[in-house]
């Protein structure tokens, strides 16, 4: 049985963002024309997405003295579709969009990856607020209900105090923090920004902030304390001594439904990690876990949670149930039945093809985590004909097959996903995923590995020849994807004692030579040309 590990949880929290009225998921089915739907993220819903370039948007912001709201996402990305069908459909958000210049960037559009690299964007979706002068103010997370999302957005637009400045005040002059500053820090997307906190910042900072604001803003205090626990857990492997934290604040959170909803993202996706750092004996910890899982299950149908987030109410129960050395083989029948009923209801009420990208992904993960792999597979197979981006679910089917030990099936799904993917950045990502899966699962298929890798480079070269913005091949996610591929390919070649990458390396050199002298893309590309590619950092 697969456990909810820290790595899985960190990945999942990026796959299960934001919250709202689940009725929004039941909109009438939209046409399948991806370009029509995605051009400006359902522009018919009233958001005046800026039509020009990012540079033009920043120039306009300065001239009009308006802040900027930048959204960066992708068609296939489940949490992106969650954002679009919750936050971007909210009348409050649409009304607030008149206060700023909204920029929508799909990762496959021209120069989107370069823009992502410029602003330190790591994953989809990312939402950033900039001041009229172009200074980053804050990054807003998902996993929170619409009313909270809009209030945080409005507060950030009102003060425009950069989060990095607030961090420095918190470290050096905490008395200068305003009430709104604590809330901005509490709702900052820490998981999507690795630079807001100075390297080596002690997690205790968040515990101290939580204490300072506990009386005036219990919800901000609760989120800050849970961020402290998450950071404490993440640093345990590197710490020389294992620190333990006071469980009393968490106990108070779990006794207050309003605070549970306000911290749902932490409580649903970090249960195992948080529990591991609490200063409790075994009996007290078991009691708290029982309180935790029951509180989440009791609230999982709350109408302020989206359909996907309602399903997340099961994760603490599953995490605690399957955690530990004596892992039980299966769930009790009553719990299996309840999970199946929740999954079926979510499947039935979500009819919009794009909204289903988020909900079906969550259902699949829930079923798989509950040990219902066959049901997860059947769900995904049925979704292929309905999905706006079926290649994403083909990758999920590949992962299920690999877990089951069906290597040929897993690789077949990886290949189908690559072949059916669309968009320059997306095709690169799915093609690299296929090659890396071949290296991992079938390293003896040498000709297929080398030829597919070369085909990926040739496709990039064709975009260059046709005048596309190939500069993005060595920027943002594209560069990180190529870096992983390059490292794995050369490690595979060395281990096998073969020489099949000559054409791949030559094509890489050619593409590098076409980048601007002194540009970030040139620097990135040259880092791939190191004599020992296996030493290239990840």
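The values are calculated or read from the model by the stated rules, or taken from the named source; none is laboratory data. This one's a predicted model, so the numbers in the text were calculated from it and none came from an experiment. Here the Cβ is made from the backbone with ideal geometry for all residues, glycine too, and neighbour counts use every protein chain on show.
Could you check, for the stretch 107-123, whether at least one of its residues is free of Cβ contacts under 8 Å to residues at least 60 places away in the same chain, in a loop (DSSP other than H, G, I, E, B), touching a helix residue (DSSP H, G or I) at 6+ places or on another chain (Cβ under 7 Å) and under 19 Å from residue 51 (Cβ atoms)? No, because not a single residue in the stretch 107-123 is free of Cβ contacts under 8 Å to residues at least 60 places away in the same chain, in a loop (DSSP other than H, G, I, E, B), touching a helix residue (DSSP H, G or I) at 6+ places or on another chain (Cβ under 7 Å) and under 19 Å from residue 51 (Cβ atoms). For the stretch 454-462, the count of residues that are farther than 26 Å from residue 491 by Cα and assigned to a helix (DSSP H, G or I) is nonzero. Residue 95 fulfils the conditions (1) surrounded by fewer than 21 Cβ atoms within 10 Å (Cβ to Cβ); (2) modelled with pLDDT under 95; (3) in a loop (DSSP other than H, G, I, E, B) except for a single criterion, (3). A single member of 250, 285 is buried (at least 23 other Cβ atoms within 10 Å of the Cβ), in contact with a strand residue (DSSP E or B) (Cβ under 9 Å, 6 or more places away or on another chain), over 24 Å from residue 359 (Cα atoms) and at pLDDT 95 or above, and it is 250. Counting only helices (runs of 4 or more DSSP H) that fall entirely inside the stretch 311-375 and contain at least 3 residues that are more than 20 Å from residue 82 (Cβ to Cβ), out of contact with any helix residue (DSSP H, G or I) (no Cβ under 9 Å at 6 or more places or on another chain) and at pLDDT 95 or above, the qualifying elements are 333-349.
Filtered by the rule that a residue be more than 20 Å from the chain's Cα centre (by Cα), assigned to a helix (DSSP H, G or I) and closer than 15 Å to residue 485 by Cβ, the stretch 432-451 gives 434, 435, 436, 437, 438, 439, 440, 448, 449, 450, 451. Being part of a helix (DSSP H, G or I), surrounded by 20 or more Cβ atoms within 10 Å (Cβ to Cβ) and modelled with pLDDT under 95: is that true of residue 505 here? No.
Per the conditions (1) in a loop (DSSP other than H, G, I, E, B); (2) under 20 Å from the mean Cα position of the chain (by Cα); (3) at pLDDT 95 or above, the sole criterion not satisfied by residue 387 is (3).
Okay, residues lined up against (1) at pLDDT 80 or above; (2) part of a helix (DSSP H, G or I); (3) surrounded by 14 or more Cβ atoms within 10 Å (Cβ to Cβ); (4) more than 22 Å from the chain's Cα centre (by Cα):
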position	(1), (2), (3), (4)
137	yes, no, yes, no
148	no, yes, yes, no
158	yes, yes, no, yes
167	yes, yes, yes, yes
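Residue 398: touching a residue at least 40 places away in the same chain (Cβ under 8 Å) and either under 25 Å from residue 73 (Cα atoms) or within 22 Å of the chain's Cα centre (by Cα) (or both), yes or no? Considered against the rule, which asks whether it is touching a residue at least 40 places away in the same chain (Cβ under 8 Å) and either under 25 Å from residue 73 (Cα atoms) or within 22 Å of the chain's Cα centre (by Cα) (or both), residue 398 comes out as no.
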